[in-house]
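This report concerns only the one structure given below.
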Amino acid sequence: MKLVFAGTPEVAVPALDALIASGRHEVAAVVTRPDAPAGRGRHLVASPVAQRAEEAGIEVLKPVKPRDEEFLARLREIAPDCCPVVAYGALLPRVALDIPAHGWVNLHFSLLPAWRGAAPVQHSIMAGDEITGASTFLIEEGLDSGPVYGTVTEEIRPTDTSGDLLTRLAFAGSGLLAATMDGIEDGSLKAVPQPADGITLAPKITVEDAHVDWSAPALRVDRVVRGCTPAPGSWTVFRGERLKLIQVAPATDRTDLTPGELGVGKNNVHVGTGSHAVELLWVQAQGKKPMRAADWARGVRITSGERLGV
């Protein structure tokens, strides 16, 4: 088939690579979000997908909105058979959805109908799921509600951050998306409507969602930190300033600390929660680089009774 791939961030690059490498289909063009400011100088930088497409000599389309008439006209000229999508980042209007004969097929990082929305991986970790996966489905105008072509499953490991899990799913999902294109092309694959039961929503994680509540159980604190790493980054407050929490670990043997209370040893730092303590492993103070929590504690000279979240 002739394909137009839509995607923007680094997590979409493995799928683009898989389609380019398959040899069975032609990636005629790529659709991605416009260049965005990045780095200290805030210079405009092309998306990771755009950079990879340019390296491969593939035409890159960067509409401000996918309903722009110039973009739609070019898409009609290319006349793709199908448009595979991975984390494109913009809603597709019906007029665009109707152009390819086989529609737009999205690779979504959950086992639909679970975790429909922008942040499925973060929510699956924060909810304590043990298994997740990726799904390919035909895009409709509803939120991730279209019929499903296929799935792959992935175990959520006890120390997984959303970054760890998303990386694994990006590579596992790239093979699924390529296989889905093959199945659509040869007619062996039919999309199956999603069940009405088991629908959960995964809206974008806000900065406030990433604010750690020390009165919650240690297991919940650990899940929030892992689910919000690397973005948007979980945080708390220490001496009136924000402290980013990069890695913690439940410490079931420490139950003497009240919620938010700090306990500093020679080579470790513990914080009380609503159950047992957690050990702080890596933190980042405002204006500083990430550092081991024990080094941070020595630098700020924590006194007895000091606490986080105040």
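Cα centroid separation, the range 6-34 to the range 53-117: 11 Å.
Between D182 and V95, full extension at 0.36 nm per residue minus the direct alpha carbon distance yields a gain of 28.8 nm. Qualifying trypsin sites (Lys or Arg not before Pro) in the range 156-209, where qualification requires a DSSP coil assignment and no more than 14 other C-beta atoms within 10 Å, comprise K190, K204. Based on the Kirkwood approach, the hydrodynamic radius assigned to the range 102-145 is 10.8 Å, with every pair of different Cα atoms included.
Extending 7 Å from the Cα toward the beta-carbon at both E155 and E55 defines two label points whose distance is 3.2 nm. Approximating the spin labels as points 7 Å out from Cα along Cα→Cβ, the H43-to-T200 distance works out to 4.3 nm. The fraction of Cα-Cα pairs per 10 angstrom bin, counted from 0 for the range 154-213, comes to 15, 28, 39, 15, 4, 0 percent, rounded to whole percents. Rounded, prolate or oblate for the range 108-181? Axes are the square roots of the Cα gyration tensor eigenvalues, ordered a ≥ b ≥ c, and the cut-off for rounded is a/c under 1.5. Oblate, since a/c reaches 1.5 and b/c is not below a/b.
Distances between every pair of Cα atoms in the chain, grouped in 10 Å steps from 0 to the bin holding the largest one, split as 6, 25, 28, 20, 14, 7, 1 percent. Between E10 and L219, the contour length at 0.36 nm per residue exceeds the Cα-Cα span by 72.3 nm.
Applying a DSSP loop filter and a limit of 11 other Cβ atoms within 10 Å to the chymotrypsin sites (Phe, Trp or Tyr not before Pro) in the range 179-245 leaves nothing. Report the residues of the range 269-310 in range of a label on H211: point 7 Å along Cα→C-beta, backbone N strictly under 18 Å from it. Hits in the range 269-310 for H211 at 18 Å: 274, 286, 307-310. When both the range 165-212 and the range 259-281 are represented by their alpha-carbon centers, they are found 37 Å apart.
If R0 equals 22 Å, the separation of the Cβ atoms of K266 and E306 corresponds to a calculated FRET efficiency of about 0.80. Stretching the chain fully between E77 and K190 yields a gain of 38.0 nm (0.36 nm per residue, less the alpha carbon separation). Here the calculated FRET efficiency for Q286 and K2, from their Cβ-Cβ distance with R0 = 35 Å, stands at 0.10, rounded to the nearest 0.05. Of all DSSP beta bridges confined to the chain, the antiparallel ones make up roughly 70%.
Values in this text are rule-based calculations from the coordinates and carry no lab data. All figures in this text were calculated on a predicted structure; none of them were measured in a lab. Positions of Cβ are backbone-derived with ideal geometry, glycine not excepted, and every protein chain shown enters the neighbour counts.
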